[in-house]
1. Taking only Cα atoms, what is the 0 to 90° angle, nearest 10, from helix 188-208's long axis to the longest principal axis of the chain?
2. One quarter of the convex hull surface, Cα atoms only: what value does that give for the chain in nm²?
3. When the helix-only estimate is applied to the chain (DSSP H runs of n ≥ 4, each -39,500 (n - 2.57), divided by the residue count), what is the mean residue ellipticity at 222 nm, nearest 500 deg cm²/dmol?
4. So for the chain, taking the charge dipole from beta-carbon charges (+1 Lys/Arg, -1 Asp/Glu), which of Gly81, Leu26, Ala106 sits furthest toward the positive end?
5. At 0.36 nm per residue, and after removing the present C-alpha to C-alpha distance, how many nm does the segment from Leu171 to Thr104 gain when stretched out fully?
6. Give the span of segment 1-77's Cα atoms along each principal axis, as three whole-Å numbers ordered largest to smallest.
7. Taking springs between alpha-carbon atoms closer than 10 angstrom, which of Gly148, Gly88, Gly156 fluctuates most in the Gaussian network model of the chain?
8. If I build a Gaussian network model for the chain, linking alpha-carbon pairs within less than 10 angstrom, which residue out of Pro154, Pro91, Pro42 has the largest mean-square fluctuation?
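We did not get these values from a lab; they are worked out from the coordinates using the rules stated. Predicted model only: the values in this text are computed from it and were never measured. Cβ sites come from the backbone with ideal geometry, for glycine too, and all protein chains shown count toward neighbours.
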Amino acid sequence: MVNVCIASNNKNKIKQFREIFAEQKLEANLITASETGMKDFPPEDAGTFYGNSLIKASALHRHICSTSGACDFYVLADDSGVCVDALGGAPGVRSARFSGEHATDAMNNALLLEKLAGVENRTAYYMCAVTLITPEGRVMCTGGRVDGEIIDEPRGSDGFGYDPYFYIASLGRTFAELTSDVRNSMSHRGSALRKAVSLIVEDINAKKS
């Protein structure tokens with residue numbers, strides 16, 4: 001059994017983390033940041049997805065080591081968002097706060113559509129960066145990307161964030177129209193997390209040899 005702590009209190013992300021770990025069949029004691037007593041993270045002001053994921057992972061790793069007296073958890077943090085080509089990569093790292101610090105998904109999507117009004121090029125991609133910190137403090141990063149386009153009308157009721165507007169032409173569906181299994185198999189976060197799980201397994205095996 002491996003101990004893993006997720007540097008997030010976002011229930012939708014945590015659900016996807018749990019689904020990926022179950023899919024990869026890694027027996028893990030998976031807990032969230034709030035379960036360690038950590039409620040807030042430092043500002044995510046690095047300017048890149050990788051930088052922001054490192055901020056969260058490092059803060060949680062320090063918290064666990066300072067409060068538990070034993071750094072026996074792998075820490076995982078992700079930062080992700082949608083990047084729209086016609087907007088110069090925006091919302092990007094500000095995807096969750098696109099319309100303000102206390103933005104809702106509806107507010108962010110409304111602003112995105114407002115900025116894309118009359119714009120023909122709707123190509124976009126979802127990006128996810130994951131930072132993994134081992135119990136000993138070794139830092140590793142993985143990433144995932146999926147390409148699509150932004151449509152004007154929401155479709156589907158699953159997923160979260162920009163998913164109802166993020167359309168995959170090859171599937172003829174938005175992310176919000178996919179089942180969680182299909183979405184996890186091809187999503188930016190699913191890809192990055194599977195790589196992170198592989199790194200955990202490699203690290204565990206290296207310690208055994």
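1. The answer is roughly 10 degrees.
2. Here the figure is 11.6 nm², rounded to one decimal.
3. -11500 deg cm²/dmol
4. Going by the Cα projections, it comes out as Leu26.
5. Contour length minus the Cα-Cα distance gives 21.4 nm.
6. 34, 29, 18
7. Its mean-square fluctuation being the largest, the pick is Gly88.
8. Looking only at Pro154, Pro91, Pro42, the biggest GNM fluctuation is shown by Pro42.
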